[in-house]
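Quick notes on the structure that follows.
The values are calculated or read from the model by the stated rules, or taken from the named source; none is laboratory data. Being a predicted model, the structure only gives us computed values, none of them experimental. Don't worry about glycine lacking a Cβ; one is built from the backbone with ideal geometry, like all the others, and counts go over all protein chains shown. Areas reflect the complete protein model, heavy atoms only, side chains present, ligands, DNA and RNA absent. Shrake-Rupley method; radii C 1.70, N 1.55, O 1.52, S 1.80 Å.
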Amino acid sequence: MQVTSSINSEPIPGAYWEWADRPIYYVRAGDRRPDRPPLLLIHGFGASTDHWRKTIAGLQTEFEVWAIDLLGFGRSAKPNCIYSGELWRDQLQDFIETHIGKPTVVVGNSLGGYAALCLGAQYPESVAGVVLLNSAGPFTETEPLPEPPFHRKAMNSALKAAFRQNWVSFLLFQWTRRRATIRKTLMKVYLDPSAVTDQLVEEIYRPSCDRGAAQVFAGIFRTPPGEKVDRLLSQLKAPLLTLWGEGDPWMKIQERSEKFRQYYPQVTEYFLKAGHCPHDEIPDRVNELIRDWVLSKVR
């Protein structure tokens, strides 16, 4: 079955792939280049292949570019299951093996960055390089955290218990999926308000209307802890590029950068005047950095 997705105003053909008996949506652009690795773009929480339209438009003339909707997001199936970095890692591995067929540079934003790192560390034969944009994922705590006051500890326990209740997560989902809430959230995590367009809001809102979307939202709160980022970095053999939007209010960028350099000293990194999604906010600069790094560092 063929559908279309927009890159700016131009449609790009997309398709569905059956994985574990569930439909997974992906797009492909550009021609195969024997002298250059293909790119696979992996979105963050709540986003989809649509979020990469500017990246695809900017790189498809020089690379074979793929983008995929992770299980539970975008146009892909939204089953009631346990979601984890390992689940998405296996999805990506099978996709590269089935469709791309050669070592690939995986490019991930936020949650997609963590999935990309899991893949690069644990399936090295499939990955030619890893690019992370404001990548998520926990590090091992090297020092014990201070014990919170009793009232804070009790409140945290009560909140965790509440979020495990289906009705609470459903109400929260209904609030967060409102177009006005989506726009307000984006305005907080983008430095340039002009990048928060009606099209962007609609691209995030649309998948929330799909059957099963509320269950996916609730399931994320129950996701088991995955492998720690420091452990993954110790396993990684492929070249690594990290791009940090300095205006990200959700992440302590300098602290995470230092930890990445501690556990993977050979990393190439850049700090950018952007928020949580640099590829969508300053696409020309991000595309330039990815292009130059792949051509100079990836073999």
Seminar exercise, completed: Largest first and rounded to whole Å, the semi-axes √(5λ) derived from the alpha carbon gyration tensor of the range 1-143 read 22, 18, 15
Seminar exercise, completed: Under a 1.4 Å probe, counting only protein heavy atoms, residue 51 has an accessible area in Å², nearest 10, of 20
Exercise. In sequence order, what are the phi-derived ³J(HN,Hα) couplings for the range 74-90 according to the Karplus relation 6.51 cos²θ - 1.76 cosθ + 1.60 with θ = phi - 60°, rounded to whole Hz, with x for glycine and proline?
Worked result: x, 8, 6, 4, 10, x, 8, 8, 8, 8, 7, x, 5, 4, 5, 4, 5
Exercise. Looking only at Cα atoms, what is the convex hull volume of the chain per residue, in Å³?
Worked result: 132
Seminar exercise, completed: In the range 206-241, the trypsin sites (Lys or Arg not before Pro) that sit in a DSSP loop and have at most 16 other Cβ atoms within 10 Å of their own Cβ are 211, 222, 228, 237
Exercise. Stokes-Einstein D for the range 191-237 at 37 °C, 0.692 mPa s, Kirkwood Rh over Cα pairs, in µm²/s?
Worked result: 231
Exercise. So what is log10(I(q)/I(0)) for the range 25-101 at q = 0.14, 0.15, 0.17, 0.23 1/Å, when the Debye sum runs over its Cα atoms only?
Worked result: -0.46, -0.52, -0.66, -1.09
For this session: Starting from the range 77-137, pick out the chymotrypsin sites (Phe, Trp or Tyr not before Pro) whose DSSP state is loop and whose Cβ has at most 16 other Cβ atoms within 10 Å.
Result: none
Exercise. Per residue, how many Å² of accessible area does the range 1-126 show with a 1.4 Å probe?
Worked result: 35
Exercise. Mind checking the dipole of the chain: about its Cα centre, +1 per Lys or Arg Cβ, -1 per Asp or Glu Cβ, Debye to the nearest 20?
Worked result: 700
Problem set entry | Ellipticity estimate at 222 nm from DSSP helix runs (n ≥ 4, -39,500 (n - 2.57)) divided over the chain, nearest 500 | -11500 deg cm²/dmol
Problem set entry | With every protein chain in place, the chain: carbon and sulfur % of accessible area (1.4 Å) | 54
For this session: List the pair-distance distribution P(r) of the range 209-299, using every Cα-Cα distance, as the percent of pairs falling in each 10 Å bin from 0 up to the bin containing the longest distance, rounded to whole percents.
Result: 14, 32, 35, 17, 1
Problem set entry | For residue 31, solvent-accessible area (1.4 Å; no DNA, RNA or ligand), Å² | 120
